[in-house]
Amino acid sequence: MNRDEQFALLDGFAIEIPSWGFADTGTRFGKFTQPAAAGTLEEKLQDAGHVHRLTGACPTVAVHVLWDFKPGTDPNETRKLAEHNGIAIGSINPNLFQDQVYKFGSACSPNEDARAAADDHVLSSIEIGRATGSDLISFWMADGTNYPGQDDIVARKKHLEAALKKWHAAMPETMTMLVEYKPFEPAWYHTDIADWGMALLFAQKAGPRAKVLVDTGHHLQGTNIEHIVATLLDEDMLGGFHFNDRKYADDDLTLGSIDPYAVFRIFHEIRNAAERGVDVSKVAYMIDQSHNLKPKIEAMIQTVVTAQELYLKACLVDRKALAAFQKANDIVGAEECLRAAFYMDIQAILVAWRESKGLPTDPLKAHRESDYTAKAAKARTARRVAAGETGGSSYA
Ligand code: RM4
Ligand code: MN
Ligand code: MN
């Protein structure tokens, strides 16, 4: 592969950053605040714009409706604010889990008022998408039950099918619905969309513009995620990713911090599909991380750069040689094709690509050498003091 082809692949790789990755977050046990953490949508968009300016790879930012769109927020203004920071609003994430009414679930709840609240919220989220120019709406439902017998599983399934169908019909033609799954948490006995098979069925029932969203942290230990990815791609049902890493559960750690080879193998399956002629250009690469302890912007830059590195390595797998080894049942030869690409030193390619774009050759170093964090800490601390904020102890 020559330099131009490598650069074209890097040009085509964009990854969306989540607004909530810049905010103070914690665990259910507590929250440790950082002076430079973003506390308003304006600050989150500033941070996202800064990361994009340094990396050139994240032109959109995902928003979480209740966390970012406080009552009275004008989505048209938000769109302009994003543009002002050199980015655009990406996926819209409705919040169907934090209000009291959702105690027994949202769209799956046996209570009509909960289902009605979910319906209202999603319809207004679709409007936010329309106004901000976003073409993605992502559904993660916290719905589930905690004890055997608590509720009728199939009745809940039918409620959700009907809701997704209605919401799909309310979406503009340009919008895609992404259905996320998760095996457990916050519900511990049964989760209404527990795995990729259920997400696939719900997406198929919702309508033609609904696809599955794979959050890499939402699998039981040992699950072969790239197998799921390859299968969904072959069925034209892979909508996108929420990238993060994990050691035990839905840890939301920075991508590749625990197992970079797993991320490489996912990208390898995407490149395999592309070589086979599958259109992978619509697959949405998104980050879903919560940087509880790391400095937020540094964690985000690490993630974007890691994603680029592992994507490029997957592009560089010698697929001709791989096919020949596979044909000959040469397991070691085939595996070595993957290992060779994974262990390849690709820094020179990335540095040359960044130079060609006028980007800093080392985005993390450039950020650390800048006064961005010091300035943000000063301005944001002053804003918090003026607003009388003391720093909360809840999750977000
Ligand atoms: C969930 C899931 C969703 C995210 C929420 C905050 O575990 O990953 O995508 O929006 O967390
Ligand atoms: Mn997620
Ligand atoms: Mn998650």
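Take the chain, connect every pair of alpha-carbon atoms lying under 10 Å apart with a spring to form a Gaussian network, then pick out the residue of Thr254, Thr40, Thr223 with the largest mean-square fluctuation.
Thr223
May I ask for the Rg/Rh ratio of segment 5-84, computed from Cα atoms with Rh as the Kirkwood radius, given to two decimals?
Across segment 5-84, the Cα-based Rg/Rh ratio is 1.04.
Counting other Cβ atoms within 10 Å, which trypsin sites (Lys or Arg not before Pro) in segment 248-284 have at most 15 and lie in a DSSP loop?
Arg276, Lys282
Once the Cα gyration tensor of segment 190-329 is diagonalised, what are the square roots of 5 times its eigenvalues, in whole Å and ordered largest first, as equivalent ellipsoid semi-axes?
24, 22, 14
Please build a GNM for the chain, connecting alpha carbons under 10 Å apart, and tell me which residue among Gly86, Gly207, Gly277 fluctuates the most.
Greatest mean-square fluctuation among the candidates belongs to Gly277.
Compare Cys337, Cys58, Cys315 in a GNM of the chain, Cα atoms joined below 10 Å, and give the one with the largest fluctuation.
Comparing Cys337, Cys58, Cys315 in a Gaussian network model of the chain, the most mobile one is Cys337.
For the chain, with equal point scatterers placed on the C-alpha atoms only and solvent neglected, what are the log10 I(q)/I(0) values from the Debye formula at q = 0.15 1/Å, to two decimals?
Result of the Debye calculation: -1.49.
Report D for segment 86-138 in µm² per second (integer): Stokes-Einstein, Kirkwood Rh on Cα pairs, 25 °C, 0.890 mPa s.
Calculated translational D: 209 µm²/s.
Cα centroid distance between segment 151-168 and segment 203-261, in Å?
22
Leaving out ligands and nucleic acids, note down the accessible area per residue over segment 183-313 with a 1.4 angstrom probe, in whole Å².
Accessible area per residue, segment 183-313: 39 Å².
Taking θ = phi - 60°, what integer Hz values does the Karplus form 6.51 cos²θ - 1.76 cosθ + 1.60 yield along segment 321-337, in sequence order, with x for Gly and Pro?
Taking θ as phi minus 60°, the curve returns 4, 4, 4, 5, 5, 5, 5, 8, 6, 8, 4, 5, x, 5, 4, 4, 4 Hz for segment 321-337.
Which whole-Hz ³J(HN,Hα) couplings does segment 80-93 yield from phi under the Karplus relation 6.51 cos²θ - 1.76 cosθ + 1.60, θ = phi - 60°, glycine and proline marked x?
Coupling constants for segment 80-93: 5, 4, 5, 4, 4, 8, x, 9, 10, 6, x, 5, 9, 10 Hz.
Of the listed peptides 303-313, 98-108, what is their order by residue-averaged count of other C-beta atoms within 10 Å, with the highest listed first?
Going by the mean number of other Cβ atoms within 10 Å, highest first, we get 303-313, 98-108.
Extension gain Gln150-Arg339, at 0.36 nm per residue separation less the Cα-Cα distance, in nm?
Taking 0.36 nm per residue and subtracting the Cα distance, the gain is 63.2 nm.
Share of the chain's accessible area from carbon and sulfur, percent, 1.4 Å?
Of the solvent-accessible surface of the chain, carbon and sulfur hold 54 percent.
Which value, to two decimals, describes the C-alpha radius of gyration of segment 77-180 once divided by 2.2 N^0.38 Å?
Against the empirical 2.2 N^0.38 Å value, I get 1.18 for segment 77-180.
Out of every Cα pair in segment 251-298, what percent are spaced more than 13 Å from each other?
In whole percent, the share of Cα-Cα pairs in segment 251-298 beyond 13 Å is 66.
Amide H neighbours of Thr25 under 5 Å, at least 5 residues apart or on other chains, H built in the peptide plane: list them.
The list, which skips near neighbours in sequence, is empty: none.
Which distance in Å, rounded to a whole number, links the C-alpha centroids of segment 69-114 and segment 269-287?
If you average the Cα positions of each part, the centres end up 28 Å apart.
The values are calculated or read from the model by the stated rules, or taken from the named source; none is laboratory data. Treat the numbers as computed from the prediction; the structure is a model and nothing was measured. FYI the Cβ positions are ideal-geometry reconstructions off the backbone, even for glycines, and counts take in every protein chain you see. Heads up: the accessible areas ignore ligands, DNA and RNA and are worked out on the full protein's heavy atoms, side chains in. Shrake-Rupley method; radii C 1.70, N 1.55, O 1.52, S 1.80 Å.
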